[in-house]
Amino acid sequence: MSPRRSAAEALLTRARILTRAAEIASEEGLEGITIGRLAEELEMSKSGVHKHFGTKESLQISTVDKAFVDFWRLFVEPALAEPTGLRRLRVLCDNSVRYLSEPPLPGGCLLTASLSEYDGRPGAVRDAVVEAWSGWQGQLRAELDAAVENGELAQPFDVDQALFEILAAGFALNSAVQLGQAPAAAIHARRAMERALVQA
């Protein structure tokens, strides 16, 4: 086997492991994924899974990273084709509602669930969750700031308040979807996000 083929197969195996890890974590939390469990479910040896990640903590961090990269690629990057500011912000909000109401993972948004799971637990996994979440917050804030600078939002405009309300709507939507209230909740989330942009 050539080194190039061997490396490609290793990447495919790693991706397969992380895909299953993300599915499990979305339903049971990051603590639900272990090297032993993944080895059993994927019919691999423990050493085979271990060589890709080394530790459970590394596996958990890689799972968070995968979930964030997938979200960014599918729902953020398409919005970046829009002009910066209010137009892009609205597409980002709409895409986030679509992501939360029709989640690609069986247990909903992994990052949202991970925030609750790790908000009071220090360590490298929490740091990875915070970093991923900060990336999403940062993108929304950048578009809010640009919309203010472009004169697209009524003045005075409180960016911090709008950001809080947009994120809160996402949290509420994720919870509602997991409780089986998706159709109405998606409508309410869109309204809440739009109202955050029209401040009294």
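So how many residues does region 149-181 have that are more than 18 Å from the chain's Cα centre (by Cα) and either more than 25 Å from Ser116 (Cβ to Cβ) or aliphatic (A, V, I, L, M) (or both)?
Residues flagged as more than 18 Å from the chain's Cα centre (by Cα) and either more than 25 Å from Ser116 (Cβ to Cβ) or aliphatic (A, V, I, L, M) (or both) within region 149-181 amount to 13.
Would a scan of region 117-130 turn up a residue that is among the basic types (Lys, Arg), modelled with pLDDT under 95 and out of contact with any Asp or Glu (no Cβ under 8 Å at 6 or more places or on another chain)?
yes
Just checking, how many residues over region 62-82 are of a type in the set (Val, Ile, Thr) and either more than 18 Å from Ala128 (Cβ to Cβ) or more than 10 Å from the chain's Cα centre (by Cα) (or both)?
Count: 2.
Which of the residues spanning region 189-198 are at pLDDT 95 or above and over 11 Å from Arg98 (Cα atoms)?
Those that are at pLDDT 95 or above and over 11 Å from Arg98 (Cα atoms): Arg191, Ala192, Met193, Glu194, Arg195, Ala196.
So the check is Cβ under 7 Å with 6+ separation or different chains; which pairs have a first residue in region 170-189 that's under 18 Å from Leu110 (Cβ atoms) and aliphatic (A, V, I, L, M) and a second one that's in a helix (DSSP H, G or I) and modelled with pLDDT under 90?
Listed pairs, sorted by first residue: Ala176/Ala182.
Say whether the condition of being charged (D, E, K, R), crowded, with 18+ Cβ neighbours inside 10 Å and modelled with pLDDT of 90 or more is met by at least one residue in region 27-40.
No, every residue in region 27-40 fails to be charged (D, E, K, R), crowded, with 18+ Cβ neighbours inside 10 Å and modelled with pLDDT of 90 or more.
Could you tell me whether region 52-73 includes any residue that is touching a His at 6+ places or on another chain (Cβ under 6 Å), crowded, with 16+ Cβ neighbours inside 10 Å and free of Cβ contacts under 8 Å to residues at least 40 places away in the same chain?
no
Residues of region 151-164 being more than 24 Å from Arg73 (Cα to Cα) and either surrounded by 14 or more Cβ atoms within 10 Å (Cβ to Cβ) or of a type in the set (Gly, Ala, Ser) (or both), which ones?
The first filter runs over region 151-164 and keeps only residues more than 24 Å from Arg73 (Cα to Cα), leaving 151-162.
Gly151, Glu152, Leu153, Ala154, Phe157, Asp158, Val159, Ala162, listed by residue number.
Which one of these does Arg126 not meet: (1) farther than 13 Å from Val64 by Cα; (2) free of Cβ contacts under 8 Å to residues at least 60 places away in the same chain; (3) in contact with a Gly (Cβ under 9 Å, 6 or more places away or on another chain)?
(1)
Taking only pairs six or more apart or across chains, which ones have beta-carbon atoms under 9 Å, a first residue in region 10-32 that is farther than 16 Å from Asp65 by Cβ, and a second residue that is hydroxyl-bearing (Ser, Thr, Tyr) and surrounded by fewer than 14 Cβ atoms within 10 Å (Cβ to Cβ)?
Hits for this filter: Gly29/Ser116.
Could you look through region 83-142, keep only residues that are out of contact with any Ser or Thr (no Cβ under 6 Å at 6 or more places or on another chain), β-branched (Val, Ile, Thr) and surrounded by 17 or more Cβ atoms within 10 Å (Cβ to Cβ), and pick out the one that is farthest from Glu27 (Cα to Cα)?
The selected residue is Val91.
The values are calculated or read from the model by the stated rules, or taken from the named source; none is laboratory data. Note that the structure is a prediction, hence the values are computed from the model and not measured. Cβ: placed from backbone, ideal geometry, glycine included. Neighbour counts: every protein chain shown.
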